[in-house]
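> Quick one: structure below, then a few questions.
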Amino acid sequence: MTILVVVCHSICHLLCDGMLQQMTQTYIQKQAGYCLHFGSVLMQLLYELIMYYVVELTPTDLTEDDRLKAVLVYIHKQYQPKISLREVAERFHYNPDYLSRIFKR
């Protein structure tokens, strides 16, 4: 199993390296339609990276720190509209009093 993982990692690395080289050449040459080609190779590169390296986490895999980071990211993204402690607590399955105590620390 370990050998298979190493081989897959090497193949992905070579594939991504080739795509980055292709993107560089496309950008340097700037032939007609180069933006479209560059974007399509970029999307393919992102797809390959996701397929080879994505790790799915279940809520039980997340530590308390990870959950709190998610809360902070949400608050940062929602800073313009008014949000309440209760809304944030419900969204992330916290007791509002507990969440308030954490942020007071």
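> Within the stretch 37-58, track down each residue that is at pLDDT 90 or above and surrounded by 14 or more Cβ atoms within 10 Å (Cβ to Cβ).
Passing the criteria: H37, F38, V41, L42, Q44.
> For the stretch 14-36, what are the residues that are in contact with a His (Cβ under 9 Å, 6 or more places away or on another chain) and surrounded by 11 or more Cβ atoms within 10 Å (Cβ to Cβ)?
Across the stretch 14-36, the qualifying residues are Q22, M23, T26.
> Which of the following residues is of a type outside the set (D, E), closer than 30 Å to H93 by Cα and at pLDDT 75 or above: A70, A32?
On inspection, the qualifying residue turns out to be A70.
> Considering every residue within the stretch 76-95, establish whether at least one is surrounded by 10 or more Cβ atoms within 10 Å (Cβ to Cβ), hydrophobic (A, V, I, L, M, F, W, C) and at pLDDT below 75.
So far as the stretch 76-95 goes, no, none of its residues is surrounded by 10 or more Cβ atoms within 10 Å (Cβ to Cβ), hydrophobic (A, V, I, L, M, F, W, C) and at pLDDT below 75.
The values are calculated or read from the model by the stated rules, or taken from the named source; none is laboratory data. Small disclaimer: the values here were computed from a predicted structure and weren't measured. In this analysis, Cβ positions are derived from the backbone assuming ideal geometry, glycine residues included, and neighbour counts consider all displayed protein chains.
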